[in-house]
Amino acid sequence: MTKIALVTGANKGIGFETAKQLAERNIKVLLGARNEAEGKKAEEVLRKLSLDVTFVKLDISNSADIQNIKSYIESNYGVLDILINNAAVFLDSAWFGNNTETVSQQTLRDTFDINYFGTVELTQALMPAIKKSKAGRIVNISSVSGSFGAHLDESHFLYALKPYAYSASKTALNQFTVFLAHALRETNIKVNAANPGWVKTSIGSDQAPLTPEEGAKTGVALALMDDNGPTGTFSQSGEVLPW
Ligand SMILES: NC(=O)c1ccc[n+]([C@@H]2O[C@H](COP(=O)([O-])OP(=O)(O)OC[C@H]3O[C@@H](n4cnc5c(N)ncnc54)[C@H](OP(=O)(O)O)[C@@H]3O)[C@@H](O)[C@H]2O)c1
């Protein structure tokens, strides 16, 4: 039977490539996007490649959109096999240093609303549909910016680079990954966090070395792994990262 996947923030960047790579594996992919015109454009591009994708309007910081997608999936498919929590914002991306003393409450709240609260609310809403899957996979597209290990390591490039709002939101997402994996440890559902690497996108800038196609690979591999694969991990290209 065809698997069903939902990718959030699938209109561009790593999310778009993730949707494409999953659809190329004959998975039915729902393309979540908050902007209808952008979502439909992505749907059109992928359908021209004969891929089975459907745009769904989904702003992950909007509870009504979350309830709509929950009902849409339950009534049309009855199941969700793969959830890729990819959508995010990097509102303090211009900060090359440590803005912890000065970052505004607004930036913190706006960042957490999407990267953390929206992702958690969506995942909780979709749990009943994911539990109907024979092998549910939840992949949280995180960032090494959320890693305590990287930030504490003086030899790591992130030692000097501490945009607090984005980094803390990804740390919270990593904690969600560990806790949800633990909650689901007796089930066939696997929950993992992926670091895509530094990727040429709106978030990564055009100075990044990796293409979105390369950046999508870690998340896609975690979504496609068999029942022997791990749960509750944080990795990039198969290499385990420090939390
Ligand atoms: N690029 C990198 O170097 C890098 C490194 C580490 C981690 N990541 C992570 O990779 C993921 C994808 O980012 P990207 O690099 O592909 O950046 P991107 O091109 O800016 O894509 C971000 C996507 O998230 C969507 N989005 C933002 N807020 C949303 C909301 N409230 N509801 C639904 N969608 C929303 C954006 O939609 P709009 O087009 O409407 O804004 C866009 O589709 C993110 O989780 C990011 O943190 C990226």
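What follows is calculated from the coordinates using simple rules that are stated; it is not laboratory data. Since the structure is predicted, the reported quantities are computational estimates derived from the model, not experimental observations. Every residue, glycine as well, gets a Cβ built from its backbone with ideal geometry; the counts of neighbours run over all protein chains shown.
Key figures for this structure:
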{"quantity": "Crossing angle, helix 13-23 versus the chain [Cα axis fit, 0-90 degrees, rounded to tens]", "calculated": "30 degrees"}
{"quantity": "Interchain or long-range residues, amide H under 5 Å from PHE55's placed H", "calculated": "LEU31"}
{"quantity": "Rounded Å value of the spacing that divides the Cα centres of segment 156-175 and segment 178-243", "calculated": "16 Å"}
{"quantity": "The chain: relative contact order in percent, alpha carbon pairs under 8 Å with at least 6 residues between", "calculated": "19 percent"}
{"quantity": "Rounded D (µm²/s) - the chain, Kirkwood Rh over Cα pairs, Stokes-Einstein at 10 °C, 1.306 mPa s", "calculated": "89 µm²/s"}
{"quantity": "J(HN,Hα) series, segment 117-122, from Karplus relation 6.51 cos²θ - 1.76 cosθ + 1.60, nearest Hz, glycine and proline x", "calculated": "4, x, 5, 5, 4, 4"}
{"quantity": "Residue-by-residue Karplus 3J(HN,Hα) for segment 49-64, coefficients 6.51, -1.76, 1.60, Hz, glycine and proline x", "calculated": "8, 6, 9, 8, 10, 9, 5, 10, 6, 8, 8, 6, 9, 10, 4, 5"}
{"quantity": "Leading residue at positive end of dipole, the chain (Cβ point charges), from GLN207, GLN67, VAL89", "calculated": "GLN67"}
{"quantity": "Cα-centre dipole for the chain with unit charges at Cβ (Lys and Arg positive, Asp and Glu negative), debye to 20", "calculated": "620 debye"}
{"quantity": "Eligible lysines near LYS132 by straight Cα distance, threshold 22 Å, same-chain separation 8 or greater", "calculated": "LYS3, LYS28, LYS70, LYS190"}
{"quantity": "DSSP-assigned coil residues among GluC sites (Glu not before Pro) in segment 177-243, each with at most 12 further Cβ atoms within 10 Å", "calculated": "GLU186"}
{"quantity": "Per-bin percent of Cα-Cα distances, segment 105-220 [5 Å]", "calculated": "2, 11, 17, 21, 21, 15, 8, 4, 1"}
{"quantity": "Hz values of 3J(HN,Hα) by residue in segment 200-216 - Karplus curve (6.51, -1.76, 1.60), Gly and Pro given as x", "calculated": "5, 8, 4, 6, x, 6, 7, 8, 5, x, 8, 7, x, 4, 5, x, 6"}
